[in-house]
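Student: My questions will all concern the structure given below.
What follows draws every value from the coordinates through simple rules; no lab data is involved. Since we're looking at a predicted model, the values are computed, not measured. Don't worry about glycine lacking a Cβ; one is built from the backbone with ideal geometry, like all the others, and counts go over all protein chains shown.
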Amino acid sequence: MDLYDPGRIPRSIVPENQEFPMLSLSSWVTPENKYYIRNHFPYPALPLNDWTLHIEGLVQKPISLNYQALFQFPQIILPITMECSGNKRAYFQPKAKGVQWELGAVSHALWTGVRLRTLLQLAGIKLNVREVIFEGMDTGVRTDLPGTFRFARSLPIEKAMHPDTLIALCMNGKPIPYKHGYPARLIVPNWYGMASVKWLCRIVATDQDFKGPFQRIDYVVYRSEADSQRRPVTLMKVNSVISQPTDQAILRRGKHFITGTAWSGHGSVKKVEISHDHGESWSLVTWLDSEKKYSWRRWGWDWNVPVPGAYLIMVKATDDKGNIQPFQAEWNVKGYENNAIHQIQVYVE
Ligand SMILES: Nc1nc2c(c(=O)[nH]1)N[C@H]1C(S)=C(S)[C@@H](COP(=O)(O)O)O[C@H]1N2
Ligand SMILES: [Mo]
């Protein structure tokens with residue numbers, strides 16, 4: 001164990017919600033004991049030897065596969081940045097209800113598993129299928145509806161058949177840790193984390209629109225109860241954060257290396273700019289990681305500051321589709337998709 005190991009930052013105990021400590025960003029791949037955790041329900045009971053993944057609904061022949069059987073298919077490995085759509089919710093003004101995530105409801109890991117489409121083709125998915133539903137083993141109650149629910153989400157058929165949508169079995173080269181979805185979880189690159197259903201038990205192909213509460217009530221962006229322009233949360237917006245120094249830090253005069261990371265679910269991050277003069281001038285950062293599909297890119301910037309004073313440091317990312325982070329995020333009732341420019345105040349003495 002390292003002498004200094006901050007672990008994760010708790011945001012709720014049951015269900016367990018914890019952030020990656022962004023200030024400790026030091027590797028491209030997030031270590032397993034720091035990867036953020038986001039749960040809606042208490043942890044499900046651990047499946048012992050009888051776990052099987054069922055694939056049914058509009059297919060020629062429903063199939064059931066056990067853990068060992070899934071390892072017999074070709075294994076794909078992909079590095080992927082996963083961000084909770086509630087990341088940075090704590091920074092909305094006015095406040096938005098829900099877990100008050102600051103900077104760290106985002107992490108980056110290597111996921112290994114089977115292409116979902118390989119399994120759907122094996123089951124003989126029918127031509128009229130429009131959505132594929134994924135059910136987790138975790139269940140619990142909600143405040144807005146009577147009854148017990150399972151965490152379940154659907155994907156449009158095009159995304160389900162995408163070659164990089166995986167039924168993952170390993171995270172960072174080892175079986176997925178229990179808290180991250182052992183024995184198998186869905187991994188949906190580029191989408192916010194809610195799509196990547198953990199503790200998978202059943203996959204159902206359907207020609208209907210899935211109406212589960214985690215599809216229709218949660219993960220929908222709207223500005224007021226009366227808003228008729230509602231849209232589902234899907235791709236991660238271009239976003240970036242400063243990992244060091246931290247907000248309100250007191251620094252010595254001289255040289256500092258400002259670091260952070262940037263990502264986008266719309267493409268790869270092309271440019272990160274930093275300002276220390278309230279946004280009057282912007283400088284390009286230096287990349288610490290190369291450009292890689294689905295992955296965040298850490299960056300650094302040498303700041304030589306001979307003059308004492310208070311400085312506002314801001315960082316702004318642009319992706320290859322031309323999306324740029326806004327100064328202010330689009331406020332919405334549920335507090336999703338906050339990709340506002342991250343700014344910190346530091347004091348040089
Ligand atoms: N079964 C199940 N899958 C789930 C969730 C959940 O509560 N239950 N939370 C989702 C959300 S909102 C996010 S952001 C990611 C978080 O994955 P992690 O806990 O491995 O970081 O898992 C998703 N998959
Ligand atoms: Mo999430």
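Student: At what distance in nm do the modelled label points of Lys179 and Gln345 sit from each other, each positioned 7 Å from its Cα along Cα→Cβ?
Tutor: 3.3 nm
Student: So, one more: Between their Cα atoms, which of Lys61/Lys292; Lys126/Lys321; Lys88/Lys293; Lys255/Lys292; Lys34/Lys270; Lys95/Lys179 are more than 32 Å away from each other? Could you put the intermediate results ahead of the total?
Tutor: Details: Lys61/Lys292 38 Å; Lys126/Lys321 34 Å; Lys88/Lys293 23 Å; Lys255/Lys292 30 Å; Lys34/Lys270 27 Å; Lys95/Lys179 29 Å.
Over 32 Å Cα-Cα: Lys61/Lys292; Lys126/Lys321.
Student: Between the range 243-274 and the range 45-66, what is the separation of their alpha carbon centroids in Å?
Tutor: 44 Å
Student: Find how many whole Å separate the alpha carbon centroid of the range 213-232 from the alpha carbon centroid of the range 1-29.
Tutor: 30 Å
Student: Still on this structure: Highest first, please rank the peptides 259-267, 132-140, 210-218, 302-310 by the mean number of other Cβ atoms sitting within 10 Å of their residues.
Tutor: Working: 259-267: 23.0, 132-140: 20.8, 210-218: 15.9, 302-310: 11.1.
Averaged packing, sorted descending, gives the order 259-267, 132-140, 210-218, 302-310.
Student: Give the peptides 48-58, 154-164 in descending order of average Cβ contacts within 10 Å, highest first. It would help to have the intermediate numbers written out before the result.
Tutor: Numbers: 48-58: 14.8, 154-164: 17.5.
Ranking the peptides 48-58, 154-164 by packing returns 154-164, 48-58.
Student: Now for a different question. Mind putting a number on the dipole of the chain about its Cα centre? Charges go on the C-beta only, +1 for Lys and Arg and -1 for Asp and Glu, and I need it in Debye to the nearest 20. Could the numbers behind the result be given before it?
Tutor: Working: 40 positive and 32 negative charges, 97 e Å.
Magnitude of the dipole: close to 460 debye.
Student: Now, a different point. Round to the nearest 0.05 the FRET efficiency obtained for Lys255 and Ser228 when R0 = 51 Å and r is the Cβ-Cβ distance. Before the final figure, lay out each step's value.
Tutor: Details: r = 53 Å, r/R0 = 1.04.
That gives a FRET efficiency of 0.45.
Student: Turning to a different aspect of this structure: Given N residues in the range 9-218, what is its alpha carbon radius of gyration divided by 2.2 N^0.38 Å?
Tutor: Numbers: Rg = 16.9 Å, N = 210, 2.2 N^0.38 = 16.8 Å.
Dividing the Cα radius of gyration by 2.2 N^0.38 Å gives 1.01.
Student: Would you kindly state how much longer the chain becomes between Glu280 and Gln60 on full extension, computed as 0.36 nm times their sequence separation minus their alpha carbon distance, in nm to one decimal?
Tutor: On the way: separation 220, 0.36 × 220 = 79.20 nm, distance 6.14 nm.
73.1 nm is the gain from fully extending Glu280 to Gln60.
Student: Among Lys174, Lys334, rank each residue by its count of other Cβ atoms within 10 Å, from fewest to most, as a rough exposure measure. Display every interim value, and only then the final one.
Tutor: Details: Lys174 11, Lys334 18.
So the residues, fewest neighbours to most, are Lys174, Lys334.
Student: Once a ≥ b ≥ c are taken as the square roots of the eigenvalues of the Cα gyration tensor of the range 132-189, is the result rounded (a/c under 1.5), prolate (a/b larger than b/c) or oblate (a/b not larger than b/c)?
Tutor: On the way: a/c = 3.51, a/b = 1.35, b/c = 2.60.
It comes out oblate by the Cα gyration axes.
Student: Just the Cα atoms of the range 163-289: what Rg and Dmax do they give in Å?
Tutor: 20.1, 63
Student: Counting only residues 5 or more places away or on other chains, whose amide H sits under 5 Å from the amide H of Lys271 once H atoms are built in the peptide plane?
Tutor: Thr318
Student: Once you place label points 7 Å from the Cα toward the Cβ at Ile13 and Gln72, how far apart are they in nm?
Tutor: 4.6 nm
Student: Check cross-link reach from Lys198 to the aspartates and glutamates: straight Cα distance under 12 Å, and skip same-chain residues fewer than eight apart.
Tutor: Glu135, Asp138
Student: Quick one: which residues, 5 or more positions from Val221 or on another chain, have an amide H under 5 Å from its amide H? H modelled 1.01 Å from N in the peptide plane, none for Pro or chain starts.
Tutor: Counting only residues 5 or more places away or on other chains, the set is Arg231, Val233.
Student: For Arg130, which sequence-distant residues (separation of 5 or more, or a different chain) have an amide H within less than 5 Å of its own amide H, given hydrogens modelled in the peptide plane?
Tutor: Under 5 Å from the amide H of Arg130: Thr206, Asp207, Gln208.
Student: For the range 210-349, calculate the relative contact order in percent as a whole number, restricting contacts to Cα pairs under 8 Å that are 6 or more residues apart.
Tutor: Numbers: 326 pairs, mean separation 44.1, N = 140.
It rounds to 31 percent for the range 210-349.
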